[in-house]
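Structure first, then comments.
We did not get these values from a lab; they are worked out from the coordinates using the rules stated. Everything numeric here is computed off the predicted structure, so don't read it as measured data. Cβ placement follows ideal geometry from the backbone for every residue including glycine, while neighbour counts extend to all protein chains displayed.
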There are 2 protein chains.
Amino acid sequence: MTGRLARIAEHAGVSEATVSRVLNNKSNVAEETRAAVLTSIDVLGFERPSHLRSRMGAGPVGLIVPELTNPVFPLFAQVIQQRLAAKGFTAVLCTQAPGGVAEEDYLPMLLDHDVCGIIFVSGKHAESNSDISAYQKLLAEGVPIVMINGHRPEIAAPSLSTDERAAVALAFDHLVQLGHERIGLATGQPRYVPSIRKVAEFERQVAAAGMEKLIEQTWFTVEGGELAGRSLIAQGATGIICGSDLMALGVMRAATQLGLTVPTDLSVIGYDGSDITKYTGPPLTTIRQDVATMSAAAADALAELVKGHPQPSGDALFAPELLVRGSTGRAPYLTGVRHDPRTEAGGVG
Amino acid sequence: MTGRLARIAEHAGVSEATVSRVLNNKSNVAEETRAAVLTSIDVLGFERPSHLRSRMGAGPVGLIVPELTNPVFPLFAQVIQQRLAAKGFTAVLCTQAPGGVAEEDYLPMLLDHDVCGIIFVSGKHAESNSDISAYQKLLAEGVPIVMINGHRPEIAAPSLSTDERAAVALAFDHLVQLGHERIGLATGQPRYVPSIRKVAEFERQVAAAGMEKLIEQTWFTVEGGELAGRSLIAQGATGIICGSDLMALGVMRAATQLGLTVPTDLSVIGYDGSDITKYTGPPLTTIRQDVATMSAAAADALAELVKGHPQPSGDALFAPELLVRGSTGRAPYLTGVRHDPRTEAGGVG
């Protein structure tokens, strides 16, 4: 301990008593001296006491996410916040429930609180033709920003996305291998960058396989999935690739309502890979986003920007994984089963 | 518009031009004048323009929650954050993943950022014998705090909890009405206030019904539920009341692994009522916490404390609801079924 104090004192050009006062957060130290001691601690590679760590961040970091009821967003929020905390930054959470405070209304609040930067998860930037002047204004004012899942090449900021094309290709291949010949895509509104990318890859795959193009674009919710699912089932789809896990739950609900069994009559693939998909009935085959890696990269990029180190602003793509579970199976015309004949609950018997 | 400007100007004793400058966030207004105008806007009951709303909060509010993978916590976080935002407060999110930053380490970071108050959801205060000196210190320093789900009478702060006793009584009655005579309780560690309350009510119910006391206390996770479930099933329980929805998922997993069908062989009741329980296989009967009402009350209490208005610090209990879905049914000795005879996957045929 003495060695450490002495080295810090020597490096900062102050007495050991002063270093001790800074470490113990005493008030009788000039701010300049205090800053010098903290810099020496950092430069010498010592760890700051926890009560001093937050000084490393210039201010809190804004963290703008959509509503937290889709479980992939709490996961992003948690990993980003913790990664930031480990670097001494606090995160101001801004969620956007329908009818609540919107992204653009949070920005003045965040600037009022002197945020040192903002991370946007699936925000306005995820809409291909949205007004991006708010982002340009932040950049012009020197506020570092980082985008997740919604690349807009016009915004000169780090942009990290799951590779939607790879995701659709993984899902499509899986269904083809199971013998499906009528494959549908249920995803969100065409204005979203992730939808655009999914649709583009799906169209490519369908054309290459010589299949009919079955696409329904509703919303990324359970209700959106149910609506799209009913339509795709009516069009004869035996396998459906969904734009979110919640949509997949909706497609499964539509199938049940129509008397179909998953996966005997209909195979369903989700997207996001949130934990809940392990516990659905049946457990959901899904494409998992690498939330941990993306979140860490976003927090790291923001921290570097805050330090004044420029970061690449290209379109960084993160590879998704296919998790095969119980909601996908052989195409029904291969097994001869049209629907499950079990009729336990009342009825004929 | 003119009428509004004039009234504000008159009330604040300034010119209409000054009011206009404040409303448009111009910089050439003395801070005192600005504050006077804003006060007049509030006093006269006008709504502030959105860019001025954050001025109402003295600083951000700390929001300390456990990890966000249990979906009830993102729900608390979202509702509290939005309710705070509507009042002009930003929320600094602090999550505590295992091995990450802990509650006590966040406090100095939050104080560094001059939080005007802190809301704790299921924090250290939820442990009946934890060290509460950090809370006492906050109160001594004049930092308003509000507790959710973990009442400690020693802490002089508003404390809002779901009525755990009512929750267990609702679940127990439901199982008794379905004919169950061996009912188990699977909940978390005995040191948590919610566990203590659940166990106390469960013991009361069991004694009144003349049943054997079947209790397993593990963790509030899926794995904890699986462990407790296996043990309670081995002890002959036909209905299990769980301390969280995640535990209920674990109990259902244990049942499946033991060749039992839910609810034919085993009835399972969750706790929390998070959205995912609608989509489990089968959909989960669960006790729903009134997260919306509790979160709003917590945000409101904190806002009042920040304004200097004392709030009651008693044990405020919020009524839970029983949502009956597919995971509970008649006791197996009433239907004569021991387990589901279907053996689709391979085996005898």
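Some observations on this one:
- Difference of contour (0.36 nm per residue) and Cα-Cα distance, B:ASP105 to B:HIS309: 70.6 nm
- 20 Å Cα-Cα reach of A:LYS278 towards lysines, excluding residues that sit fewer than 8 places from it in its own chain: B:LYS278
- Shielding by other protein chains, B:76-88, mean Cβ within 10 Å: 5
- Residue among B:PRO153, B:PRO71, B:PRO190 with the largest mean-square fluctuation in a Gaussian network model of chain B, springs linking Cα atoms under 10 Å: B:PRO153
- For the residues of A:90-102, the average number of beta carbons from a partner chain within 10 Å of their own beta carbon is 6.
- Sites A:ALA234 and B:GLU321, calculated FRET efficiency, Cβ-Cβ separation with R0 41 Å, nearest 0.05: 0.65
- Between B:MET211 and A:ALA86, the distance separating the two model label sites (each 7 Å from Cα on the Cα→Cβ line) works out to 4.5 nm.
- 0 to 90° range, to nearest 10: angle between helix B:72-86 axis and chain B longest Cα axis: 20 degrees
- Residue list for segment A:178-213, given a label point 7 angstrom along the Cα-to-Cβ vector of A:LEU258 and an amide N cut-off under 15 Å: A:181-187
- Using a 7 Å Cα-to-Cβ projection, A:ILE132 label spacings across copies, nm, ascending: 5.2
- Distances in nm from B:ALA97 to the matching label points in the other copies, shortest first (labels 7 Å along Cα to Cβ): 2.5
- Annotation for segment B:197-245: GluC sites (Glu not before Pro) lying in DSSP loop with at most 16 further Cβ atoms inside 10 Å of their Cβ are B:GLU212.
- Note on B:242-250: average number of Cβ atoms from other chains within 10 Å of each residue's Cβ is 1.
- Structure-based [θ]222 nm, the protein assembly as shown - -39500 (n - 2.57) summed over DSSP H runs of at least 4, per residue, nearest 500: -12500 deg cm²/dmol
- All other residues whose Cβ lies under 9 angstrom from that of A:ASP272 are scored, Lys and Arg at +1 and Asp and Glu at -1, for a net of 0.
- Each other copy places its own label point for B:VAL176 at 6.1 nm from this one, sorted shortest first, where the point lies 7 Å along the Cα-to-beta carbon line.
- The rotation axis that maps chain A onto chain B passes nearest to the beta carbon of this chain A residue, listed with its distance in whole angstrom: A:GLY281, 1.
- Rounded to 10°, Cα long-axis angle of helix B:164-177 versus longest principal axis of chain B: 30 degrees
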